[in-house]
Amino acid sequence: MKITAALSVSPIEIISVAGQKIYIKRDDLLNTHFSGNKARKFAYYLQNNQDLDSITHLVSYGSIQANSLYSLAALAYLKGWQLDYYVNRIPSWLKGSTLGNYGQAVALGANIIELDDALLDSMNINSKVKTENLDSIMTLFSKSLSNNNLFIPEGGRHSLAQIGINTLAQEISDYCLNHGLFSHPNKIQIMLPSGTGTTALFLQTWFKENNISIEVLTCPCVGDDSYLQQQFYQLNTNKSHWPTILKSNKKFHFAKLEKSHYQLWQQLLQETKIEFDLLYDPIGWQYLLEYMETLSIEENKNSTTIFYLHQGGLVGNQTMLPRYKRKYPEIF
Ligand SMILES: *Cc1c(COP(=O)(O)O)cnc(C)c1O
């Protein structure tokens, strides 16, 4: 398999959704194997940095369906490293699958490890204390790893992620400059749904530090507002550099296959001819559409320029779509 580390400047296209013009930053088109915000977050490691010369293993953890699993596997493959990726459990329906983030990561040589009691014992972690907290177990475990191991926390939530996200911020800012968007008496806002909040936080931080008047809008996908604020806090204690968290009236559970999420995804595909990710994007668009409704009442729609960041993740759709089909055959 041929994989290259080159990340192009991703294009920005103009689409129309719910009668409003939206600029879309196509980070899904960065590179076939490193798409979306994971490519941005791991961009530092794609370069040839001397500090990585002694690395033989890449160690990470998280959800078995995470988009970061696939991107980490591609990174390890490219670098000739072994990826050890820890999960709570591999569901039986997924085992042996060649599709989605899990299947494709295995095809790239990823070693996926279930944290069972025996393994916890060998890590000297009392399995009675274990509970569900993968994050704290792995943080503890990472301290015992030798220097040949590169440890990346769940979802790429680390300060070096800033390097690739700065490039993204620069690309958006350059586009606005080249297209005269700053000269209008208007507001520029960019929406992206958050998991760990790393991308949104570093994006807003760069704009603030460089005096670029672009406001980052986001929404929590995996937890609530206060969970997201805690994540922001871990990366930057200066609240004035935090993105704006939008409000929604609708309730949902992450990755729980909401019928309305699939329907919104399908509607976007028809209206824009762009395939979005099924985990985060339906939530992001739901918040954005609700927000845009309030705009048309409270202020002139035309004075706000809205961007949406397509953060990739399409490999995950290979397993999400069949799951939706099984659950809601009537809407296919
Ligand atoms: C990982 C991911 C996110 C969440 O990014 P964070 O930086 O963790 O907030 C959003 N969308 C897609 C498609 C992703 O793969």
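No value in this document is a laboratory result; all are computed from the given coordinates. Bear in mind that the values here come from a model prediction, so they are computed numbers and not experimental data. All Cβ positions, even for glycine, are placed from backbone atoms using ideal geometry, and neighbour counts span all protein chains on display.
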| Pairing the Cα long axis of helix 281-298 with the longest principal axis of the chain, what angle in degrees results, from 0 to 90 and rounded to the nearest 10? | 20
| request: Would you compute, for the Cα atoms of region 166-224, the largest minus smallest coordinate along each principal axis and list the three values in descending order, in whole Å? | output: 37, 21, 16
| remark: Whole-Hz Karplus couplings 3J(HN,Hα) for region 11-17, θ = phi - 60° and coefficients 6.51, -1.76, 1.60, Gly and Pro as x, run x, 10, 10, 10, 10, 10, 10
| Relative contact order (percent) for region 110-200, with alpha-carbon contacts under 8 angstrom and 6 or more residues of separation? | 20
| task | Work through the residues other than Thr32 whose Cβ is under 15 Å from its Cβ and net out their charges, Lys, Arg +1 and Asp, Glu -1. | result | 0
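How fast does region 50-151 diffuse by Stokes-Einstein, in µm²/s, taking the Kirkwood radius from C-alpha pairs at 4 °C and 1.567 mPa s? Can you show the working numbers first?
Values: Rh = 14.2 Å.
Diffusion coefficient, whole number: 91 µm²/s.
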| message | Give me the percent relative contact order of the chain, please, defined on Cα pairs under 8 angstrom at least 6 residues apart. | response | 22
| query | Which of the trypsin sites (Lys or Arg not before Pro) found in region 1-95 are loop residues per DSSP with 12 or fewer other Cβ atoms within 10 Å of their Cβ? | reply | Lys2, Arg89, Lys95
| query | Taking the Cα-to-Cβ direction at Ala6 and at Tyr44 and moving 7 Å from each Cα, how far apart do the two end points lie in nm? | reply | 2.6
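For the chain, report the translational diffusion coefficient in µm²/s to the nearest whole number, using Stokes-Einstein at 4 °C, 1.567 mPa s, and a Kirkwood Rh over Cα pairs. Don't skip to the end; give the middle numbers.
Working: Rh = 20.8 Å.
Once the numbers are plugged in, D ends up at 62 µm²/s.
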| request: Find, among the chymotrypsin sites (Phe, Trp or Tyr not before Pro) in region 152-218, those assigned to loop by DSSP (not H, G, I, E, B) with at most 16 other beta-carbon atoms within 10 angstrom. | output: Phe182
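Of Lys256/Lys325; Lys2/Lys327; Lys21/Lys187; Lys187/Lys256; Lys187/Lys247; Lys25/Lys187, which sit over 24 Å apart, Cα to Cα?
Working: Lys256/Lys325 13 Å; Lys2/Lys327 36 Å; Lys21/Lys187 14 Å; Lys187/Lys256 35 Å; Lys187/Lys247 19 Å; Lys25/Lys187 17 Å.
Pairs exceeding 24 Å: Lys2/Lys327; Lys187/Lys256.
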